[in-house]
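Below is one structure; the comments refer to it alone.
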Amino acid sequence: MGSRRSVPRSTAIERPLIVRCGAFGDMVLVTAMIRELHARFQLPVDILTSGAWSEPLLAGQPGVGEILCVRSRKTPYWLASDQRRAVRRLRERGVGPTWYCDASAAAYAMLSRAGIDERFVVNVRDHPLREGEHVIEQWRRLAAVLPPALRGRSPPLPAGAPAADGSAPVSAIEAGCLLEVPGKHRADLDRWLEARGLAGAPLLLVQIGNKRTMRRGLRRLAANHKYWPLERWATVLARLHRDCPGHRLLLLGTGPEWRLNKELIALTRLDRVDNVADDLPIPRLLALLSRAEALITVDSGPAHAAAALGCPQVVLFGRASPSLYRPWGAAGAAVTVLTGRVDGVPNMLGIDAREVTEAWAALPRRQAP
């Protein structure tokens, strides 16, 4: 977690803290809340989280301060040295306004151990989703609520005095997720593209799998509600290949998805299709999403990152509700959401390949740099 200047435990600070332990896409979505709190407090927002993706995703992003990352918040405390380190750092940091954004209470014990009591906490469980509300709207609404210990304080926060119930108007910041790509990561992407023989070519991206798809192995893909058959993906790739003869088609993913991509390439027998799932650390993935003309993807973390980086996309949804989790970026790039039903139940298998190719044809793509 790196060395930081210690703050006496008794010190009360105004620097906000967000507790959010989620998947890749969840952490992209919480950037909407980070921006709100950063604008309101005019201070960096610290994050207590879990998952190896959180630090490379969020480090250096607008408004992000210190990132405290634990491997698992469910491991017994006496066995978890990473939890103990995080608690020590929270004690050093001091008690301040905290937004607890997990439905699970598993991480709450770390706050208690660090001396952050309920008077300083806004808990998402006390502010559930409203009907028809997108999760980004929920995070923005939550950011407008003050912990009890800060209500009625003087002088008011930079965003304006809170109302009697501790809330304040949602700020004028444009709603949506936002990510930025530092120059060093763009330079790394340039070198990587050159090494792979992709430099100078316009790029189209395709994400056919995700963490859930690969969780139980390739033999059980069809039982997974985020799986879309390889034969339909082959039809989509053939359309992209035909419509964009000068483009390179890059199949995204993590290490386990490389095999799935390889099977798809063997099925299509197309040239100009590259399987890059073996070499996409998160900073390089973000740089690639910021460069590409468009993305076709299942509901996934990269879909949310693409929206946050202004990459137009067609996204296939299964059981998850698009009204709740539709990719929503502050950059305003086009997002076409497709849904299907099987036996009256939301199911990605109810989406036909022709629907995807038609949505692709109508998608306003970004101009290649």
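The values are calculated or read from the model by the stated rules, or taken from the named source; none is laboratory data. Quick caveat: nothing in here was measured; it's all calculated off a predicted structure. Ideal geometry is used to build each Cβ from the backbone, glycine not excepted, and the neighbour counts take in all protein chains shown.
Counting only helices (runs of 4 or more DSSP H) that sit wholly inside segment 21-95, those with at least 2 residues that are among the aliphatic types (A, V, I, L, M), touching a Phe, Trp or Tyr at 6+ places or on another chain (Cβ under 9 Å) and outside the structural domain of TYR325 (by TED's automatic domain parsing) are 24-29, 31-41. Residue selection: ALA114 fails the criterion of being in the same structural domain as LEU29 (by TED's automatic domain parsing), within 30 Å of ALA320 (Cβ to Cβ) and aliphatic (A, V, I, L, M). The single condition among (1) exposed (fewer than 15 other Cβ atoms within 10 Å of the Cβ); (2) under 24 Å from the mean Cα position of the chain (by Cα); (3) farther than 30 Å from ALA39 by Cβ; (4) modelled with pLDDT of 95 or more that GLU180 does not satisfy is (3). A single member of THR254, THR235 is under 22 Å from GLY25 (Cβ atoms) and among the β-branched types (Val, Ile, Thr), and it is THR254. Within segment 89-123, the set of residues being farther than 17 Å from ALA149 by Cα and either β-branched (Val, Ile, Thr) or surrounded by 15 or more Cβ atoms within 10 Å (Cβ to Cβ) (or both) comprises ARG89, LEU90, ARG91, GLU92, ARG93, CYS101, ASP102, ALA107, TYR108, MET110, ARG113. Counting only residues that are assigned to a helix (DSSP H, G or I) and crowded, with 17+ Cβ neighbours inside 10 Å, segment 124-147 holds 10 of them. If you go through segment 278-317 and pick out every residue that is assigned to a loop (DSSP other than H, G, I, E, B) and touching a Ser or Thr at 6+ places or on another chain (Cβ under 6 Å), you end up with 2.
One residue stands out in segment 209-267 among those that are modelled with pLDDT under 95, among the basic types (Lys, Arg) and exposed (fewer than 15 other Cβ atoms within 10 Å of the Cβ): the one that is nearest to the chain's Cα centre (by Cα), namely ARG215.
Just one of (1) modelled with pLDDT under 95; (2) on the phi < 0 side of the Ramachandran plot fails for PRO327. It is (1). Count of segment 298-325 residues, restricted to those that are out of contact with any Phe, Trp or Tyr (no Cβ under 9 Å at 6 or more places or on another chain), buried (at least 24 other Cβ atoms within 10 Å of the Cβ) and of a type in the set (Ser, Thr, Tyr), is 0.
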